[in-house]
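The values are calculated or read from the model by the stated rules, or taken from the named source; none is laboratory data. Small disclaimer: the values here were computed from a predicted structure and weren't measured. Positions of Cβ are generated from backbone atoms using ideal geometry, with glycine treated the same way; all protein chains shown enter the neighbour counts. What goes into the accessible areas is simple: the full protein's heavy atoms, side chains included, and nothing from ligands, DNA or RNA. Shrake-Rupley method; radii C 1.70, N 1.55, O 1.52, S 1.80 Å.
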Amino acid sequence: MIDQFLSYLRYERNRSELTIERYGKSLRLFQAFYEEQCEGQTWETVDADIIRAWMESLMDKGYKATAVNADLAAIRSFYKFALARKLVEKDPAYCVQGPKKQKPLPQFVKESEMDKLLDETEWGEEYEDVRARTIIILLYEAGLRRSELTGLNDQDVDLEACQLKVTGKRNKQRIIPFGEELRDQLQKYMTLRDETVERNSEALFLSKRGKRIAAGEVYLIVRDKLGEVTALKKRSPHVLRHSFATALLNHDAGLESVRQLLGHESLETTEIYTHTTFDQLKRVYKEAHPRG
């Protein structure tokens, strides 16, 4: 039956040799599993529990969810073929769900690295230098998305009340408070901007030509500046958003408060940062405890 299925893939579906080889390997591994589990078991007698047990055995061996789902896809395709050709009377893989892919933990810049960048690194006094430092501080201290930062207008910044009005996804607005450091940096930037750039936009952050800063330019600023203090491969504005959330939780901020500051609709989205902080806690424990 396996050979019939592989011939079908090769000659009727015109699938690549690599796909055919991978499907064949998955099917033969599964066949070896069910024959070992129960003497006399065949493709016709296999049920959903056997498929689930096989998937569990793969996970126990260290297979990732992606690999297990790929093997399950081969089983599903095989049974669809076999059922259509009347080689079997039922499809036991029909109702079997594959393992959920584990979401990667968000990367973040360490607090010590951000302190080094903002407090110890030499920053110039030219317009682009001051703008770059302001963007870095704003992303780190307010946790904005890149689109939220580029969408800010002067009227969204209240220096007296130290708060931002941010327009997030689906045009939902939220108010974010900020501290004296960001207030002073924003004031310095806005004063220099008005003295240096001929405005052609109401945007807070302007290019040298006076237009709203492009998202790509913000990315390059963040990538280059973070590259001075961290070895992270990913050095995007979103990493600073992750760093904002992680820093808050590490300093005992409530999860619901962090959710509101980030503009997440669901608390489940914010909870991924608790895994990040616990992962950091484990590393600290292993490094610091004499028997860690």
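Once the Cα atoms are used to define both axes, helix 65-84 deviates from the longest principal axis of the chain by about 40 degrees.
Only protein heavy atoms count here; on that basis, with a 1.4 Å probe, MET114 has an accessible area of about 0 Å². Within the accessible surface of the range 1-149, defined with a 1.4 Å probe on protein heavy atoms only, the carbon and sulfur portion equals 46 percent.
Expressed per residue, the C-alpha convex hull volume of the chain stands at 209 Å³. Residues in the range 19-35 carry Karplus couplings, in order, of 5, 4, 5, 5, 5, x, 4, 4, 5, 6, 5, 5, 4, 4, 5, 6, 5 Hz; the curve used is 6.51 cos²θ - 1.76 cosθ + 1.60 with θ = phi - 60°, and Gly or Pro positions show x. GNM remark for the chain: springs join alpha carbons under 10 Å apart, and the peak mean-square fluctuation among LEU186, LEU18, LEU248 falls on LEU18. Give the shape of the range 73-169 as rounded, prolate or oblate, defined through the alpha-carbon gyration tensor: a ≥ b ≥ c are the square roots of its eigenvalues, a/c under 1.5 means rounded, and otherwise the shape is prolate if a/b is larger than b/c and oblate if not. Prolate is the answer for the range 73-169, as a/c is 1.5 or above and a/b outweighs b/c. Reported to the nearest whole Å, the Cα centre-to-centre distance from the range 163-241 to the range 1-76 is 51.
What pairs from LYS110/LYS211; LYS101/LYS169; LYS80/LYS100 go past 27 Å between their alpha carbons? Could the numbers behind the result be given before it?
On the way: LYS110/LYS211 33 Å; LYS101/LYS169 25 Å; LYS80/LYS100 23 Å.
Checking Cα-Cα distances, LYS110/LYS211 exceed 27 Å.
Between rounded, prolate and oblate, where does the range 1-100 land on the alpha carbon gyration tensor, with a ≥ b ≥ c its root eigenvalues, rounded for a/c under 1.5, else prolate if a/b exceeds b/c? Cα axes put the range 1-100 in the oblate bin. Between LEU255 and GLN31, the distance separating the two model label sites (each 7 Å from Cα on the Cα→Cβ line) works out to 4.7 nm. Straightening the chain between GLU89 and ALA231 buys 45.5 nm, computed as 0.36 nm per residue apart minus the Cα-Cα spacing.
Label separation (ARG22 vs LYS110): 3.8 nm, computed from points 7 Å beyond Cα along the C-beta direction. Close amide H partners of ASN153, meaning residues 5 or more places away or on another chain with modelled amide H under 5 Å apart, are LEU204. Listed cross-link partners LYS61/LYS90; LYS208/LYS233; LYS25/LYS64; LYS165/LYS233; LYS116/LYS172; LYS172/LYS234 are compared with a 25 Å cut-off, the Cα-Cα value being larger for LYS61/LYS90; LYS208/LYS233; LYS165/LYS233; LYS116/LYS172; LYS172/LYS234.
So between ILE272 and TYR11, what do we pick up on full extension, going 0.36 nm a residue minus the alpha carbon distance? Can you show the working numbers first?
Numbers: separation 261, 0.36 × 261 = 93.96 nm, distance 4.59 nm.
Contour length minus Cα-Cα distance gives 89.4 nm.
Exposure here means at most 15 other Cβ atoms within 10 Å; with chymotrypsin sites (Phe, Trp or Tyr not before Pro) in a DSSP loop as sites, the longest stretch of the chain lacking them is 124-292.
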